[in-house]
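Shown next, in structure tokens, is the structure this report addresses.
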Amino acid sequence: MNSGKSLQLLAQAHQFEERSIPFLCLKSALDTRDGEDVISSRTGLSRECITIGISDNLYELMERFITEAILQGMEKPLWLLIDEAQFLSAKQVDQLGNIVDKLDINVMCYGLRTDFLSKLFDGSKRLMELADDIDEIKTYCSCGGKAIMNARFDSEGNILTEGEQIVIGGNEMYIPLCRKCYNAAIARKYMQDKDNFY
């Protein structure tokens, strides 16, 4: 969270556009913060994209897109840029591998590694298993340490330690923390819960 993932995707898309390199931007339908078919960054930049559902076959989608591009005299995309890749299914990540290997289209994914309990998302796990390269985009905790936790908070500012893995939200709900500050917040919650119990 707050590391500029979407901003980097948008910057990469701009570079491709400047160099006339054909590409497509995609995002998960689970990301509803900015509406359908739009990728936005917190800086205010945005661009249109294709929204994909969890049951969509990405390989078949790209085959259809290439066929349509050829019929219209357009070039096939050389790159796919995918935002919120953690929301892909493991099967969709396998399909991305086939897109790279069989359709000769490069894929660049942007997303979170872990959820608010520091557990891998299915899509992220499979990406880590299959990716040719993995680049970490760093963000920092308010203490200055490297943030590796995406802590989820309720509306009263209490850290949450249970709940659905996927809950869409922004700065009002998620705060990037280092492991030390995350564990301190969990300890404070435990002490509050203990005091409230007695």
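Could you list all residues from segment 78-96 that are assigned to a loop (DSSP other than H, G, I, E, B) and modelled with pLDDT of 95 or more?
Passing the criteria: 78, 88, 89.
Can you go through 35, 53 and tell me which one is farther than 26 Å from residue 103 by Cα, assigned by TED's automatic domain parsing to the domain that holds residue 6 and surrounded by fewer than 17 Cβ atoms within 10 Å (Cβ to Cβ)? Lay out the reasoning, then the answer.
Values: 53 fails: farther than 26 Å from residue 103 by Cα.
Being farther than 26 Å from residue 103 by Cα, assigned by TED's automatic domain parsing to the domain that holds residue 6 and surrounded by fewer than 17 Cβ atoms within 10 Å (Cβ to Cβ) holds for just one of 35, 53, which is 35.
Condition test on residue 155, is it at negative phi and not assigned by TED's automatic domain parsing to the domain that holds residue 14? Even if it seems obvious, please write down each step before you answer.
Details: at negative phi: yes; not assigned by TED's automatic domain parsing to the domain that holds residue 14: yes.
Yes, satisfied.
Find all pairs meeting these conditions: Cβ atoms under 6 angstrom apart; at least six residues apart or on different chains; first residue within segment 109-134 and in the same structural domain as residue 91 (by TED's automatic domain parsing) and of a type in the set (Lys, Arg); second residue part of a helix (DSSP H, G or I) and at pLDDT 95 or above.
113/124; 126/90; 126/93
Residue 93 versus (1) in contact (Cβ under 8 Å) with a residue 40 or more places away in the chain; (2) under 23 Å from residue 122 (Cα atoms): which is the lone unmet condition?
(1)
Report yes if residue 114 is of a type in the set (Ser, Thr, Tyr), within 30 Å of residue 62 (Cα to Cα) and under 16 Å from the mean Cα position of the chain (by Cα), otherwise no.
In short, yes.
Collect the residues in segment 36-71 that are in a helix (DSSP H, G or I) and in contact with a strand residue (DSSP E or B) (Cβ under 9 Å, 6 or more places away or on another chain), keeping them in residue-number order.
Correct list: 58, 61, 62, 65.
I'd like the full set of residues that are surrounded by fewer than 16 Cβ atoms within 10 Å (Cβ to Cβ), of a type in the set (A, V, I, L, M) and either out of contact with any strand residue (DSSP E or B) (no Cβ under 9 Å at 6 or more places or on another chain) or at pLDDT below 95 (or both), limited to segment 1-27.
Result: 11, single match.
Is there a residue being aromatic (Phe, Trp, Tyr) and surrounded by 14 or more Cβ atoms within 10 Å (Cβ to Cβ) anywhere in segment 183-190?
Initial filter on segment 183-190 (aromatic (Phe, Trp, Tyr)): 190.
Next, only the ones that are surrounded by 14 or more Cβ atoms within 10 Å (Cβ to Cβ) stay: none.
Among the residues of segment 183-190, not one is aromatic (Phe, Trp, Tyr) and surrounded by 14 or more Cβ atoms within 10 Å (Cβ to Cβ), which makes the answer no.
Residue pairs, Cβ under 9 Å, 6 or more apart or interchain, first in segment 157-176 and free of Cβ contacts under 8 Å to residues at least 60 places away in the same chain and under 17 Å from residue 33 (Cα atoms), second of a type in the set (A, V, I, L, M, F, W, C) and part of a strand (DSSP E or B). List them.
172/153; 173/153
The values are calculated or read from the model by the stated rules, or taken from the named source; none is laboratory data. Not measured: the values here are computed from a predicted model. We place every Cβ from the backbone using ideal geometry, glycine too, and count neighbours over all the protein chains shown.
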